[in-house]
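Following: one structure in structure tokens, then a few remarks.
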Amino acid sequence: MSTTQTDKKTFEFKAEVKQLLNILVHSLYTSREIFLRELISNASDALDKIRFKSTKGDEVADNDLPLEIKINFDEKKNTLTISDTGIGMTQDEVIENIGTIAKSGSAEFIKTLIESKEQANNIIGKFGVGFYSVFMVAEEVEIKSKSYNKDAKPIYWKSDGAGSYTVQELDADMKRGTEIKIKLREDAKEFTEKYRLESIIKRHSNFIYFPIYIDKEKVNTITAIWREPKSSVKKEQYDEFYKFLTYDTEPPMDIIHKSVDAPIQFNALLFIPSKHDEFFWMHRDNYGLDLYVKRVLIQHKNKDLLPEYLGFVKGVVDSEDLPLNISRETLQEDIVFSKISNSVTTQVLNYLADKAKNNPDEYAKFWKEHGRVFKLGYSDFSNQDKYMELLRFNSSKNDNKDELTSFADYTSRMKNEQKVIYYAFGSSREAIELDPHLEIFKSKGIEVLYLFDPVDEFVINSLRKYKDFEIESVENADLKKVEKLENIEEKKNEFNKLEKDDEKHFSSLLSKMKSILGERVADVKESKRLSGSASCLVSEGDGLTSSMQKILKMANQNVGSQNKILEINRDNKLIRNLLEVFKKDSNDPLIENATEQLFESALLLEGNLEDPHKLVKRINELLEKSSDWYLGKR
């Protein structure tokens, strides 16, 4: 094609553009490949515009041309060419769109670029400077463009990015569209390698609506099915896309496909994997949804579209309405994005709520796989009501450890006049059911939630209430509220009621035990909660539970003084025997040994016995003596 037309004109770039080009050409970049994404995005925009013109019925030159993007390269000449059959440009449009920064705020952009000291690839787009990113790799750029207007002549533009450019009309035939030919810099030869170009397109532009060809081979072969009507997408297509997106070998557990038109338009295609990510806790930062604008990838694994506790969700969100920061990689702090994020979170929570209500067995499978991550949502106060309805725990009313109970289930079974939801923490269901603190709850038939996961403590401590019901640990329960509830069966007591004289001795025994334990306990009192066990430790008021105390210690957190009350069950065989020993000799060594044993056993049960050696030694001594008694040696 001839470029010898005599109307050749030379123009100087505006001052701010010169500054920009200087920075782009002479700076270092972490990801120069974004120039290709920008040029493909511009080509896609041009094709969208001509499609709109044609659909509207406007007169369009070369209306039979296929709408497509072609990329060709020449390794020997070190050139790369990107062409499209889009709307094209006139000479005035070339000067306006290429010779200046198209949008307002260019001076602000340069100032931001210099002052922020950010690398240029992290700030290309907001001010309409996407095209200029080509000079990160270009030694020289030539543009040939023919407008859709039949009377318009082809235009030729050329620049080396040094501060000026030339523009002229061409005296030659040219089909509608734009061709950008890039003479690559010596350090940018990688962009004449087919596999490199393919990888860039698949990473950033794989879902562009129009076909992209490299040497006549279509590269973007996977459809952006999130843009398709849900009714037209088959399960096999969803599964194929999910595997492409995640590299998972199994199909997803759930598919959430939403198209939202108001108040903000966006499409979302989300997946819940069939299996949990066993490495989630090792790679907490490895989550997020892929964010697209007009099918162009803007950010891989955006962490602001969904909160971390929904990090198991995979998928894409695509919007036409988002304003962008300069590289299409970071978003402005914008109310539009915030509304999309809130809407996407709501869509997921509503989907889970519907699943829990209408298909509880399938929800139980979801909870088994992803419940532990979901529990991290205890700090999402804006969605706390929805979050609480989706929580699940094991319960004393369940037949086994695998059954699940919700707060709604629990409250529907509460006893008359019960105003508190109770829970207990332990390493297993078996361990919790041996907890002495549960004895009064069993006798009253009060349901207790069983918590096995350390994060459960943080969940409960953060929530505190469900609707109008307080949530309390069985350790810290207000016994006045519990005692007023009726027993499910009459308490059977094998011990006679203490005489008045024995009452006084029992009180003195408790004082003796307190003097033995000293500052290690806040007090020693008679228990109203125990019906079988000899003793247990109880926090004063609203203190830390034993399990929370243990968790914080493991995290090297200073929990301060946590002295508890040692409660003693007077209707226990060991305690009655101690009372008889005390009546005969208040200084008998057995009283001290038994007191120490009761205290350390209670610490051991709650997981806070730091040194078990004394306890083990004491047990062995008692076993020796009891074996002698058994053999009649004493």
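The values are calculated or read from the model by the stated rules, or taken from the named source; none is laboratory data. Since we're looking at a predicted model, the values are computed, not measured. Reconstructed Cβ throughout: ideal geometry from the backbone, glycine too, with neighbour counts over all protein chains shown.
Per-structure values
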{"read-out": "Elements of type strands (runs of 3 or more DSSP E) in region 177-260, at least 2 residues being over 29 Å from ASN342 (Cβ atoms), touching a residue at least 24 places away in the same chain (Cβ under 8 Å) and in contact with a strand residue (DSSP E or B) (Cβ under 7 Å, 6 or more places away or on another chain)", "value": "177-184, 212-214"}
{"read-out": "When residues of region 443-467 are limited to those that are free of Cβ contacts under 8 Å to residues at least 40 places away in the same chain and of a type in the set (D, E, K, R), the one nearest to SER547 (Cα to Cα)", "value": "ARG464"}
{"read-out": "Matching residues, region 566-602, being among the polar types (S, T, N, Q) and touching an Asp or Glu at 6+ places or on another chain (Cβ under 9 Å)", "value": "ASN569, ASN593"}
{"read-out": "Residue in region 468-488 that is touching a helix residue (DSSP H, G or I) at 6+ places or on another chain (Cβ under 7 Å) and of a type in the set (Gly, Ala, Ser) present", "value": "no"}
{"read-out": "Residues of region 144-156 that turn out to be hydrophobic (A, V, I, L, M, F, W, C) and surrounded by fewer than 23 Cβ atoms within 10 Å (Cβ to Cβ), as a count", "value": "1"}
{"read-out": "Single match in GLU403, GLU430, GLU457 (criterion: out of contact with any Cys (no Cβ under 8 Å at 6 or more places or on another chain) and more than 28 Å from TYR309 (Cα to Cα))", "value": "GLU430"}
{"read-out": "Tally of residues being surrounded by fewer than 13 Cβ atoms within 10 Å (Cβ to Cβ) and not in a loop (DSSP other than H, G, I, E, B) across region 51-68", "value": "3"}
{"read-out": "Sole exception among (1) modelled with pLDDT under 95; (2) closer than 30 Å to LYS355 by Cα; (3) touching a helix residue (DSSP H, G or I) at 6+ places or on another chain (Cβ under 6 Å) for HIS204, by number", "value": "(2)"}
{"read-out": "Sole exception among (1) modelled with pLDDT of 90 or more; (2) on the phi > 0 side of the Ramachandran plot for ASP187, by number", "value": "(2)"}
{"read-out": "Enumerated helices (runs of 4 or more DSSP H) restricted to region 421-496, each holding at least 1 residues that are crowded, with 21+ Cβ neighbours inside 10 Å and in contact with a strand residue (DSSP E or B) (Cβ under 7 Å, 6 or more places away or on another chain)", "value": "429-433, 454-463"}
{"read-out": "Yes/no for LYS480 being more than 29 Å from TYR363 (Cβ to Cβ), charged (D, E, K, R) and free of Cβ contacts under 8 Å to residues at least 40 places away in the same chain", "value": "yes"}
{"read-out": "Strands (runs of 3 or more DSSP E) wholly inside region 133-175 that include at least 2 residues being basic (Lys, Arg) and outside the structural domain of LYS189 (by TED's automatic domain parsing)", "value": "none"}
{"read-out": "Top-ranked residue in region 153-175 [being within 53 Å of the chain's Cα centre (by Cα) and aliphatic (A, V, I, L, M); ranked as farthest from THR81 (Cα to Cα)]", "value": "ALA162"}
{"read-out": "Number of the exception - PRO454 against (1) touching a helix residue (DSSP H, G or I) at 6+ places or on another chain (Cβ under 6 Å); (2) at pLDDT 90 or above", "value": "(2)"}
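So that you can scan it fast, the table gives a plain yes or no per residue for (1) surrounded by fewer than 20 Cβ atoms within 10 Å (Cβ to Cβ); (2) modelled with pLDDT under 95; (3) more than 17 Å from the chain's Cα centre (by Cα); (4) part of a helix (DSSP H, G or I):
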residue	(1), (2), (3), (4)
ALA356	no, no, yes, yes
ARG372	yes, yes, no, yes
ASN383	yes, no, no, yes
ASN398	yes, no, yes, no
TYR410	no, no, yes, yes
